[in-house]
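Structure, as structure tokens:
Read the figures in this text as sums done on the coordinates, not as results from a lab. Just so it is clear, the model here is predicted, and its values are computed rather than measured. Reconstructed Cβ throughout: ideal geometry from the backbone, glycine too, with neighbour counts over all protein chains shown.
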Amino acid sequence: DTGVSQNPRHKITKRGQNVTFRCDPISEHNRLYWYRQTLGQGPEFLTYFQNEAQLEKSRLLSDRFSAERPKGSFSTLEIQRTEQGDSAMYLCASSQQGAEAFFGQGTRLTVV
Amino acid sequence: AQKVTQAQTEISVVEKEDVTLDCVYETRDTTYYLFWYKQPPSGELVFLIRRNSFDEQNEISGRYSWNFQKSTSSFNFTITASQVVDSAVYFCALSEALKNAGNNRKLIWGLGTSLAVNP
């Protein structure tokens, strides 16, 4: 399967802990996006990479959030000192220039 | 500002009925893309269609059809002869140009329409 892969699929963590999610995009896609989706809502844009460069970050991405794409391939999204409000589905997508985005199955985070 | 409105929160139909999901958008861009995605209970967003703002031709793909009306800023989605497997949340999205990123774009999403197709 050469689709977008996200790990882990589910994560339960205690408030205050740090978590890291991984996204492996479709191999020939140089664009990578992170979105967050809460129940009953559409996805909200978090950040975007073109190759290894992070070109835009949403205001939703507080200082506790950091994303990297060190070699222009896989990406990680880290949340430090998690809060209950961080509970959501975190979606990764990739695309080629000018083409539609393909999404992974997401990582569902629950902060207890 | 760009915005996507899906006025129908939930729709319930009986199998074999036709159903139309509405999408209205707002944008100041002259070039933009519109999308429909399907999100089944498994959670993965499945791409259905992308439409360029310069192409107002309607499109049909099997039981799915899309009606793009630039004059009313609408991009409606019709499922003909619905099936239980069509049950999902359907999202309409609009591409917005990213800052400092040339013509690269991010998606602005509606809140989704939850479609239940009952046997």
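Among the listed pairs B:16/B:106; B:38/B:106; A:57/B:3; A:14/B:3; A:14/A:71, which have their C-alpha atoms separated by more than 24 angstrom in this model? Beyond 24 Å between Cα atoms: B:16/B:106; A:14/B:3; A:14/A:71. Taking amide H as placed 1.01 Å from N in the peptide plane, the amide H of residue A:110 sits under 5 Å from that of A:11, A:12, A:13, each at least 5 places away or on another chain.
Size descriptor for chain A, Kirkwood hydrodynamic radius: 13.9 Å (Cα pairs only, one decimal).
In loop segments of the stretch B:15-56 as defined by DSSP, the chymotrypsin sites (Phe, Trp or Tyr not before Pro) with at most 16 further C-beta atoms inside 10 Å of their C-beta are B:54. The phi-based Karplus calculation (6.51 cos²θ - 1.76 cosθ + 1.60; θ = phi - 60°) puts the 3J(HN,Hα) values of the stretch A:89-95 at 9, 9, 10, 10, 9, 9, 7 Hz, whole numbers, x for Gly and Pro.
The GluC sites (Glu not before Pro) of the stretch B:1-74 that DSSP puts in a loop, and whose beta carbon has at most 16 other beta carbons within 10 Å, are B:15, B:17, B:56.
Across the stretch A:47-112, Cα pairs under 8 Å and at least six residues apart give a relative contact order of 23 percent.
Spin-label model, residue B:52/residue A:60: points 7 Å from Cα along the beta carbon direction are separated by 2.9 nm. Figure legend: label point modelled 7 angstrom from the Cα of residue B:85 along Cα→Cβ; residues of the stretch B:34-51 with amide N under 19 Å from it are B:37-49. Rounded to 0.05, the FRET efficiency of the residue B:78 and residue A:2 pair, given R0 = 30 Å and the Cβ-Cβ distance, is 0.45. Normalised by the number of residues in the stretch B:1-89, the average gap of Cα pairs under 8 Å and 6 or more apart makes the relative contact order 33 percent.
Pairwise Cα distances in the protein assembly as shown exceed 28 Å for 32 percent of all pairs. Site pair residue B:69 and residue A:18 shows an inter-label distance of 5.4 nm when each label is modelled 7 Å from Cα along Cα→Cβ.
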